[in-house]
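The values are calculated or read from the model by the stated rules, or taken from the named source; none is laboratory data. No experiment lies behind these values; they were computed from the predicted model shown. Cβ atoms come from the backbone with ideal geometry, glycine included; neighbour counts cover every protein chain shown.
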Amino acid sequence: MSRSSDLKTMSRVYAATDDTFLSTNKTYGATASTLELATDSGTATFQATDGFNGLGLNVTLTAASVQLTSQTFVLSGVRFDGVTDTENVTGPAANTMVEGVKAWRSISGITATRGPTGGISVGIGKTMQTGPSRVKAYRVNFTTNDGEVSLYDGNATGNGTKIVTLDTATGGGPSIDSEHLPGNGLRFENSVRVTFTTGVKSVNLFHA
């Protein structure tokens, strides 16, 4: 692994509380409303609040006992690449969760087409993303036998091209699997985008 001073780490530890990290069981009014984020400033900045070092993270919406599939939720904020943007996410069914696609550094607002009668929680999902880079090594904590981590040369609106998949066939599970990649590692021309399943507790990528 390179010992260069510019070597960086992408780290993500997923916990059950992440599903309600930004806002917990909020209820809208009868008309179109803005969801109150669970921060004093009204803006959820992931790296400042939860130590994600400037990475972009995707957003989750979890419904309580109300059906929200007929609604569109509009996320506003700053993407992983520093661009101000919005994303439309179709609401979840009752007692289920949906994940947005875009990876955000911060979320400044979430609005709904109309107010549901039940609660909705907003959290962070299982995607992280940063800019163009070369991955030199990785360390994955698999907690179950069906854990999987996928690395993409991603773009601003989706996964892009899959470069490699790390799964329990690589490291077994539960286990911790780590590897120094030979040569110059894996080059990601557009961005390093990482997605993982619930069978993964944590992901660490070392890149430059």
All but one of (1) of a type in the set (S, T, N, Q); (2) modelled with pLDDT under 90; (3) part of a strand (DSSP E or B) hold for residue 184; which doesn't?
(3)
Do we find a residue being touching a residue at least 60 places away in the same chain (Cβ under 8 Å), more than 26 Å from residue 104 (Cβ to Cβ), part of a strand (DSSP E or B) and not aliphatic (A, V, I, L, M) anywhere in region 161-169?
no
Within region 150-162, can one find any residue that is farther than 24 Å from residue 59 by Cβ and not aromatic (Phe, Trp, Tyr)?
no
In region 191-201, what count of residues is obtained for those that are assigned to a loop (DSSP other than H, G, I, E, B) and crowded, with 17+ Cβ neighbours inside 10 Å?
2
